[in-house]
Amino acid sequence: MKSIKTVLAIVILFCYSCKEKKIVTSFNNNNNTQTKTPVLETSKESSLAKVWIDATTGHKVEKLIDREGANSSFYFNNNPFLPTKDKKSWLMIFYGSTAQGQQLFSIDLKTKKIDQITNRGGNKSGEIVGVKTRKVYYRIKDSIFSTHIDTHETNFIFKFPDDEVGSVATLNADETLLGGVLSSKEEQEIFKNNPSKSSYFDKIYDAKLNRVLITVDVVNGKLTRLFDENAWLNHELFSPTDSKLFMYCHEGPWHKVDRIWNIDIDTKERTLIHKRTVEREIAGHEFFSPDGKTIWFDLQIPRGETFYLAGKNLDTNKEKRYALKRDEWSIHYNIAPDMKSFAGDGGDSGQVAHAKDGMWLYHFVPKGDSLIAEKLVNMKNHNYKLEPNVHFSPDGKLIIFRANFEGITQVYAVEIKKSNQ
């Protein structure tokens, strides 16, 4: 009896200790050893712990990339994923800081092995992954390069003309053409003299300078001018399934522009995706569904008042709208690989929704004409000057995002399924 009481006392003391330290204990199925995941407020402290359970939401969060320096995941509508060479796992491409400047890396999402892909000096832009060719495409100053993800072999593709400023942002579905824009030296000066978005945004729009939509052949470097306009053409994105369909936007104050457009690169026919119907209505941050059949976008009728995630079906021309509450509005949305749910990266009170409690990462499930939101990560310790830019993992189990809990940009992943520990 005394022995039983002693064991019972030890068990009670152990459980009490776990509660006081907010430690969750579980068993590792591989070797039957105990692992402990701390339950913490998502912050600098939790980031340094590498893996934790968000104390507010109950979802497990992991610092995905463990290397020195700043690390940044891709913009929300640029695909960073491709299978490993042996097809047993997935790679995610990301940017990391080095002594030689920003470089592109890959991480195996299963083993967490990191591989540096590029080593050429100079800041890189583009965030373009060719899944079929297993190459990354990027621009350094006035030149475009490609680097093979596995062999690291680098090739020069194209140099922009000296009298124009060029960029590329997307790759078409058969991976033969890069898409981008040409702009003017005059526009570049406006950006240079007004480096913050709050300074240049209206100035570039009001200047009405000429921009040209272009493609660049990845094999021979041939530049083709598709369409030009005295407008801020931006946010270029090829369809993931139709190699001839090229989406772009009229950038600027969203309530002043009919923003989202498609152009057929063969016929040059242009199509407006959403026509505004009331004063100060806005639509933007557009992205394709994985099957290429729908363009999804943030819709507000009018701006800052009524919030929707809307999708335009390109086959039927019908528009689907899912209503959201003010606090659930997100800077960016994204769609799961199975297209059954969505994610959002929230926003602070200074954003267009002026949400009082909007600093969360969300998982959204459609129900009728609305989205039912679940909070995944408490983002109150994140500075939203850095936009989290959510991505679903290829298996649909994680949402990957960037944040600055540590004071510099790092990449994290949160499990959509709530922890059962």
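The values are calculated or read from the model by the stated rules, or taken from the named source; none is laboratory data. None of the values given here were measured: they were computed from a predicted structure. Positions of Cβ are backbone-derived with ideal geometry, glycine not excepted, and every protein chain shown enters the neighbour counts. SASA here: full protein model, heavy atoms, side chains in, ligands and nucleic acids out. Shrake-Rupley method; radii C 1.70, N 1.55, O 1.52, S 1.80 Å.
Annotations
- Folded to 0 to 90 degrees: helix 2-21 orientation relative to the chain principal axis, Cα: 30 degrees
- With contacts taken as Cα pairs under 8 Å and at least 6 residues apart, the stretch 307-393 reaches a relative contact order of 25 percent.
- In this calculation the C-beta distance from A231 to E68 is compared with R0 = 41 Å, giving a FRET efficiency of 0.45.
- Cα-based helix-to-principal-axis angle, 197-207 vs the chain, degrees rounded to 10: 20 degrees
- Residue-normalised accessible area of the stretch 183-285, given per residue in Å² at a 1.4 Å probe: 49 Å²
- Amide H contacts of I273 (H built 1.01 Å from N, in plane; Pro and chain starts excluded): I260, W261, N262 sit under 5 Å, all sequence-distant by 5 or more or on other chains.
- The stretch 172-240, Rg to Rh (Cα coordinates; Rh as Kirkwood inverse mean 1/r): 1.05
- Mean sequence separation of contacting Cα pairs (under 8 Å, at least six apart), scaled by the length of the stretch 39-172, corresponds to a relative contact order of 14 percent.
- In sequence order, the stretch 172-177 has phi-based couplings of 6, 5, 8, 6, 10, 10 Hz under the Karplus curve 6.51 cos²θ - 1.76 cosθ + 1.60, θ = phi - 60°, and Gly or Pro positions carry x.
- Alpha-carbon spread of the chain, three principal axes, descending order, Å: 89, 51, 42
- The slack between Q421 and R120, meaning 0.36 nm per residue of separation minus the straight C-alpha distance, is 103.9 nm.
- The mean sequence separation of alpha-carbon pairs under 8 Å and at least six residues apart, normalised by the residue count of the stretch 65-120, gives a relative contact order of 27 percent.
- Heavy-atom SASA rank of I190, I372 (probe 1.4 Å, accessible area, largest first): I372, I190
- Amide H within-cut-off set for F158, under 5 Å, with H built and near neighbours excluded: I144
- Residue among F246, V278, Y137 farthest towards the positive dipole end of the chain, charges placed on Cβ: Y137
- Each of T42, G166, I117 was placed along the dipole of the chain (beta-carbon charges, centred on the mean Cα), and the one lying farthest toward the positive end is T42.
- Debye, to nearest 20: dipole size of the stretch 174-241, +1 on Lys, Arg Cβ, -1 on Asp, Glu Cβ: 200 debye
- Under 5 Å between amide hydrogens, built in the peptide plane, is the criterion, and for T84 it picks out S89, W90, L91 among residues at least 5 positions away or on other chains.
- Charging the Cβ of each Asp and Glu at -1 and of each Lys and Arg at +1, and nothing else, the dipole of the chain about its Cα centre rounds to 1600 debye.
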